[in-house]
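Note sheet for the following structure.
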Amino acid sequence: MHVLRIAGALVLLGVVSQEGSGAVPQTMRAAAIDHAGGPQAITLHTLPVPTPDADEVLIAVHTAGVASWDVGVREHPDSIKHSQRPLVLGTDGAGTIAAVGSQVHDLKVGDQVYSYSWDNPKGGFYAEYVAVPAKLVGHVPAGMSLRDAGAIATTALTALQGIDDALHIKPGQTLIIHGAAGGVGSLAVQFAKLRGARVLATAIGDDGLLFAKQLGADAAVDGRSGDIVAAARTFAPGGVDAVLAFAGGDALERCLDTLHSGGRVAFPSGVRPEPGARAGISSVRYDAIAGPAEFARLNQAITASKLRVPIAAEYPLAEAAAAHERLASGHVLGKIVLQIL
């Protein structure tokens, strides 16, 4: 028999017994697409609440992140495996566990959690509820709000793993963070400083440069109009040790021009165009990994760095299309989120 432990309710064979005021409803609101398209393809749907399998949890979502990879799925839904329509968007978010599968023992109903699940089989986080594998869920760090946690599951894992695993940054090393004012870059600056790096940030506009410095960058240069090579020579006369790139193109190539022989560059999958191969320079493309060990390390870094989570804009679930329009307008300092509960 398939049994779930639920706040105020019991599930047998997928049927919710409405015992108590905390029972999980049968339906939920979700922002989903029925076809590929622009922001207006996202509409509000009423859908069944997903039933978690034995190794999954059901999260009552409080906040969901909005990011460029969501745009990619919206425009090209058939690029992912689980593309059934209506397709609920969203790869990450935070909330409270509403139900746990029978094989889940390290999470319980009522826990505040955050999660990153790319191409989630049971739909994304732009919804009142999401069912995800328990192994892709972490406890929200002490002192962090659900709003902040909902903004960072994907971006913080990407930032920290770029610093630690792709580049192996050590104290005293020099690092260019290219795209330091965005959702990932704004966290990478803080994690790089936690690891003892000296950081030269690229950002756009006076507000972007000030933003990067306020987050801890030692120096900043405009990635569109500034002289990146000259700034890097002043910053690290012997050449820069590493580049962590969250944007591609000519400006990234100028960043690579500043690396010394034996330098290294890392970038997440999705950065386009990818940096060209350089003699004497190692290049690593990587994807964020979610798991118990990864969330434990991330939580330690969040606490140790006293992480600031810049929220550029927030929208209610019903205005998910507007959130995508804001993302498309560009110059987002930090992260856009959906407030769901």
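The values are calculated or read from the model by the stated rules, or taken from the named source; none is laboratory data. Note that this is a predicted model, so its numbers are computed, not measured. Neighbour counts run over all protein chains shown; Cβ positions are idealised from the backbone, glycine included. Surface areas here come from the heavy atoms of the whole protein model, side chains and all, with no ligands, DNA or RNA. Shrake-Rupley method; radii C 1.70, N 1.55, O 1.52, S 1.80 Å.
Using +1 at the Cβ of each Lys and Arg and -1 at the Cβ of each Asp and Glu in the chain, identify which of His62, Ala217, Pro25 lies farthest towards the dipole's positive end. Projecting each Cα onto the dipole axis, the largest value belongs to Ala217. Placing +1 on each Lys and Arg Cβ and -1 on each Asp and Glu Cβ, with no other charges, gives the chain a dipole about its Cα centre of roughly 600 debye. Accessible surface for the chain, divided over its residues, is 40 Å² per residue with a 1.4 Å probe. Dividing the C-alpha radius of gyration of the chain by 2.2 N^0.38 Å, with N its residue count, gives 1.03. Summary value for the stretch 110-153: 50 percent relative contact order, contacts being C-alpha pairs under 8 angstrom separated by 6+ residues. Across the stretch 281-320, the residues whose backbone nitrogen lies under 17 Å from the label position 7 Å along the beta-carbon direction of Asp207 are 310-315. Once both labels are positioned 7 Å from their Cα atoms along Cα-to-Cβ, the gap between Ser79 and Arg285 label points is 1.2 nm. Taking a straight Cα-Cα cut-off under 22 Å and skipping sequence neighbours fewer than 8 places away in the same chain, the lysines within cross-link reach of Lys135 are Lys81, Lys108, Lys122.
Note on Ala230/Glu274: beta-carbon distance plugged into 1/(1 + (r/R0)^6) with R0 of 25 Å gives a FRET efficiency of 0.50. Surface composition of the chain: carbon plus sulfur atoms contribute 53% of the solvent-accessible area (1.4 Å probe, protein chains only, all chains present). Database remark: amide H of Ile311 closer than 5 angstrom to the amide H of Lys335 (H placed geometrically; neighbours at sequence offset of 5 or more, or on other chains; Pro and chain starts carry no H). Comparing Gln190, Thr91, Gly124 along the charge dipole axis of the chain, the residue lying farthest to the positive side is Gln190, per the Cβ-charge model.
Here the relative contact order of the stretch 73-155, from alpha carbon pairs under 8 Å that lie six or more residues apart, stands at 34 percent. So between Val71 and Ala318, what do we pick up on full extension, going 0.36 nm a residue minus the alpha carbon distance? Stretched out fully, the Val71 to Ala318 stretch lengthens by 87.2 nm. The calculated FRET efficiency for Asp119 paired with His260, based on their beta-carbon distance and R0 = 41 Å, is about 0.60.
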